[in-house]
1. Only one residue in 60, 93 is within 15 Å of ligand 2 (Cβ to nearest atom) and buried (at least 16 other Cβ atoms within 10 Å of the Cβ), so which one is that?
2. For the structure I just gave you, tell me whether residue 111 is within 16 Å of ligand 1 (Cβ to nearest atom), in contact with a strand residue (DSSP E or B) (Cβ under 7 Å, 6 or more places away or on another chain) and at negative phi.
3. Yes or no: residue 175 within 16 Å of ligand 2 (Cβ to nearest atom) and either within 20 Å of residue 6 (Cβ to Cβ) or free of Cβ contacts under 8 Å to residues at least 12 places away in the same chain (or both)?
4. Within the stretch 58-85, which residues are over 18 Å from the mean Cα position of the chain (by Cα) and either modelled with pLDDT under 95 or part of a helix (DSSP H, G or I) (or both)?
5. Let me spell it out: the conditions are (1) at pLDDT below 95; (2) farther than 30 Å from residue 101 by Cβ, and residue 196 meets all of them except one. Which number is the exception?
6. Could you check the stretch 165-212 and list, in sequence order, the residues that are part of a strand (DSSP E or B) and within 16 Å of ligand 1 (Cβ to nearest atom)?
7. Would you confirm whether any residue within the stretch 2-21 is out of contact with any helix residue (DSSP H, G or I) (no Cβ under 7 Å at 6 or more places or on another chain), part of a loop (DSSP other than H, G, I, E, B), touching a residue at least 12 places away in the same chain (Cβ under 8 Å) and away from ligand 1 (no atom under 13 Å from the Cβ)?
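The values are calculated or read from the model by the stated rules, or taken from the named source; none is laboratory data. All of these numbers come straight from a predicted model, not from anything done at the bench. Note that each Cβ is placed from the backbone with ideal geometry, even for glycine, and that neighbours are counted across all protein chains shown.
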Ligand SMILES: Nc1ncnc2c1ncn2[C@@H]1O[C@H](COP(=O)(O)OP(=O)(O)OP(=O)(O)O)[C@@H](O)[C@H]1O
Ligand SMILES: [Mg+2]
């Protein structure tokens, strides 16, 4: 099937929740699915994988047996982009290791769900961003967009960044994160008109945002398997159809 990189308009917008939901939905459909978070940074877990995100998505995929070295090749004990965290930790972000780990997971699994770090232009090394990593992996991208005021600006920039690197944008998932929120229909209309990408699902705020519950929410409005094939390339998505505003 291929790989999908779940990115977002910002940090904390629901990438892990959505990535775990997609992995869970694929697994429930009988797909052999792997998961990875190429770089993670912040608070190290007391037990299990260093990265809670990596552990959560691998657990949802049922792929923890791949091991932490493949699922999360690099962890930094400093909450920042891989670029900044690496400097602070006196290390270097190893893009080659991340791409090699992805290649190995892609050879073991029919589909790989990759959680990106922060947003599409988060720096990994100088001049190398999450969008470049998606391109390097040959992954399509799924953009998680909260219903926050201000997210349209971030969504347009994110899709522009992905488009510029030839990454196919499979679509957008709107996520209800609380705070001041756009009416859902208004946001959906404007995101589609302005980015050309389709809104595939709109996730409401759940009491239980675990992978099973999110999977069933996503399945009710989208074909999760189609993420890997259908959809326009980002270049096409960047140019809205004539007549649309
Ligand atoms: N639809 C939802 N319903 C309820 N809680 C949600 C929902 N979406 C996200 N959350 C919660 O919001 C918080 C942030 O979500 P999440 O960790 O998935 O964001 P993220 O984009 O992966 O963040 P990071 O950039 O740190 O990786 C989490 O506590 C998560 O459980
Ligand atoms: Mg996350």
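1. From the options 60, 93, the qualifying one is 60.
2. Values: within 16 Å of ligand 1 (Cβ to nearest atom): no; in contact with a strand residue (DSSP E or B) (Cβ under 7 Å, 6 or more places away or on another chain): yes; at negative phi: yes.
Considered against the rule, which asks whether it is within 16 Å of ligand 1 (Cβ to nearest atom), in contact with a strand residue (DSSP E or B) (Cβ under 7 Å, 6 or more places away or on another chain) and at negative phi, residue 111 comes out as no.
3. yes
4. Within the stretch 58-85, 64, 65, 66, 68, 69, 83, 84, 85 meet the criteria.
5. Status for residue 196: all satisfied but (1).
6. Result: 172, 173, 174, 175, 181, 199, 200, 201, 202, 203.
7. no
One line per residue, one yes/no per condition, for (1) at negative phi; (2) within 16 Å of ligand 2 (Cβ to nearest atom); (3) at pLDDT 95 or above:
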site: 143; (1), (2), (3): yes, yes, yes
site: 160; (1), (2), (3): yes, no, yes
site: 168; (1), (2), (3): yes, no, yes
site: 185; (1), (2), (3): yes, no, yes
site: 210; (1), (2), (3): yes, yes, yes
site: 213; (1), (2), (3): yes, no, yes
site: 221; (1), (2), (3): yes, no, no
site: 232; (1), (2), (3): yes, no, no
site: 235; (1), (2), (3): yes, no, no
